[in-house]
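Readers should treat all values here as calculations from the given coordinates under stated rules, not as data from a laboratory. In this text, all values refer to a predicted model and were calculated from it rather than measured experimentally. Cβ sites come from the backbone with ideal geometry, for glycine too, and all protein chains shown count toward neighbours.
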Amino acid sequence: MNRLLTVSLSAILLFAGISLPAQEKPVPLSDSLYRSLAATPPMGWNSWNKFGCNVSEKLIKEMADAMAASGMADAGYEYIVIDDCWQVERDADGNIVPDPERFPSGMKALADYIHDLGLKFGVYSCAGSYTCQGRPGSKGHQFQDALQYAKWGVDFLKYDWCANDGQNARAAYQTMAEAIKASGRPILLSICEWGENKPWEWGEGIGHLWRVTPDIRAVYDGVFDWGGVGVLQCIDADADLYPYAGPGHWNDAEMLEVGNGELTWDENVTHFSMWCMLAAPLMSGNDLREMDFKTRQILTNKEVIAVNQDPLGRQGIRFLDMGDKEIWAKPLAGGEIAVCFMNRGETPWNLDYNWRDQTMYFAQEVNLRKWDYKVRDLWQHKDIGSTKDRLQAVIPAHGILMVRLSK
């Protein structure tokens with residue numbers, strides 16, 4: 001298969017009038033190596049939620065500096081991803097051209113700057129003829145673009161679905177996956193076709209994460225005419241997709257809006273906690289240079305992030321649905337478990353919970369009737385009892401109680 005990929009890339013480059021010296025010909029990635037990428041959900045930052053098309057070399061460097069200095073990198077964030085609008089045209093050879101005014105040093109120099117900080121570099125493209133903002137898409141240039149990204153040092157590709165010209169989604173994303181493998185560089189592929197073609201059913205081995213919703217907006221609950229949705233809608237869209245998530249292939253509940261809009265403290269805590277329970281990629285979308293203390297406190301909560309990054313790689317399940325009151329459970333390595341009591345309602349939840357009344361969904365891994373577990377509040381950062389005691393708490397409207405159970 002690798003030999004075929006090398007021939008395919010060479011043929012396409014030859015057709016485009018591009019030749020490579022023998023020493024520059026890439027060694028294709030094996031399928032097993034490609035599948036092994038993203039063993040835990042990717043963590044990083046993306047420009048779109050806060051800045052839209054207003055991206056530049058200066059902005060991206062400042063975001064990388066802020067990620068390194070703010071505690072974000074120390075908490076596990078590593079990807080700096082430029083979304084749409086960095087590209088303006090193709091040159092006479094068909095190569096994609098970055099905006100020379102906004103990115104005067106070019107993408108290779110920018111990638112080197114980011115790599116020198118110990119971080120990784122990502123870009124955006126589209127499976128269609130044009131991106132969602134009308135810039136050149138990748139259709140017909142997939143192998144050429146992937147080779148260019150590899151030369152620049154790209155580590156992450158967000159691949160959108162606008163102007164797709166009626167393509168078959170699976171085939172379109174498979175083509176880019178093969179192009180990435182042929183380029184020889186381990187680049188994560190983020191499938192961004194908004195869940196329209198059920199990518200969770202075919203995406204494993206093609207992409208490393210796939211969107212399951214339309215674009216998120218910085219609201220707790222809402223559906224917008226153009227397709228935007230709120231935090232609750234993203235959670236509900238992902239809730240039943242847990243069988244499809246695991247190391248190397250993740251359900252993407254969309255980028256984080258923590259620090260954007262008018263989400264309250266409790267709503268932001270719920271937003272971040274549930275993305276961690278869902279084993280969703282953690283791609284922040286705020287201005288890292290101007291984070292207030294509360295935003296930083298949420299995004300860098302290492303105890304909550306550890307639930308997201310747990311090596312077992314299981315997505316949490318809505319264990320009990322009582323309307324506005326829900327209990328979620330996520331098994332963790334070592335026989336531990338994370339549990340979230342989520343209050344979707346408009347009034348406080350006076351929780352009085354007997355652990356022994358319930359045998360969690362993961363009965364084969366967790367037995368609350370057989371063993372006692374320590375209960376640790378992951379937002380208060382303290383132990384609050386054990387499962388032999390009743391759990392009593394007041395959970396505010398739109399709030400959450402997130403605990404970790406360990407023997």
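Ordering 169, 97, 28 by the projection of their Cα atoms onto the charge dipole of the chain, which places +1 on the Cβ of Lys and Arg and -1 on the Cβ of Asp and Glu, puts 28 at the extreme positive end. Summing +1 for each Lys or Arg and -1 for each Asp or Glu among the other residues whose beta-carbon sits under 15 angstrom from that of residue 59 gives -4. The charge dipole of the stretch 293-332, taken about its Cα centre with unit charges on the Cβ atoms of Lys, Arg (+1), Asp and Glu (-1) only, comes to about 180 debye.
Among 384-391, 227-234, 139-146, sorting by the average number of other beta carbon atoms lying within 10 angstrom of each residue, highest first, gives 139-146, 227-234, 384-391.
For the stretch 283-291, 3J(HN,Hα) computed residue by residue from phi via the Karplus equation (6.51, -1.76, 1.60; θ = phi - 60°) reads 10, 5, x, 9, 7, 5, 6, 10, 5 Hz, glycine and proline entered as x.
For the chain, the cysteines with no partner cysteine C-beta closer than 4.7 Å are 126, 192, 234, 276, 340. Taking the Cα centre of the chain as reference, the dipole from Cβ charges on Lys and Arg (+1) and Asp and Glu (-1) amounts to some 1180 debye.
Against the chain, whose longest principal axis is taken from its Cα atoms, helix 265-277 shows a tilt of about 70°.
Local charge for residue 167 was computed over the other residues whose Cβ lies under 13 Å away, with Lys and Arg +1 and Asp and Glu -1, and equals -2.
Considering helices alone, the calculated mean residue ellipticity of the chain at 222 nm is -8000 deg cm²/dmol, with DSSP H runs of length four and up weighted by -39500 (n - 2.57) and normalised per residue.
Available extension along the chain between residue 386 and residue 163 is 74.8 nm, counting 0.36 nm per residue and deducting the alpha carbon span.
For residue 89 and residue 174, the FRET efficiency from 1/(1 + (r/R0)^6), where r spans their Cβ atoms and R0 equals 25 Å, is about 0.40. Here's the picture: charge each Lys and Arg Cβ at +1 and each Asp and Glu Cβ at -1 in the stretch 317-406, and of 350, 405, 319 the one pushed furthest to the positive end of that dipole is 405. Computed from Cα atoms, the angle from the helix 169-183 axis to the main principal axis of the chain rounds to 70 degrees. Excluding same-chain neighbours fewer than eight residues apart, the lysines reachable from residue 58 by a Cα-Cα span under 24 Å are 50, 108, 120, 151, 158.
Ranking 232, 214, 192 by Cα position along the charge dipole of the stretch 183-253, where only Lys, Arg, Asp and Glu carry charges on their C-beta atoms, puts 192 farthest toward the positive end. How far is helix 57-69 tilted off the main Cα axis of the chain, in degrees rounded to 10, range 0 to 90? For 57-69 against the chain, the angle is about 40 degrees.
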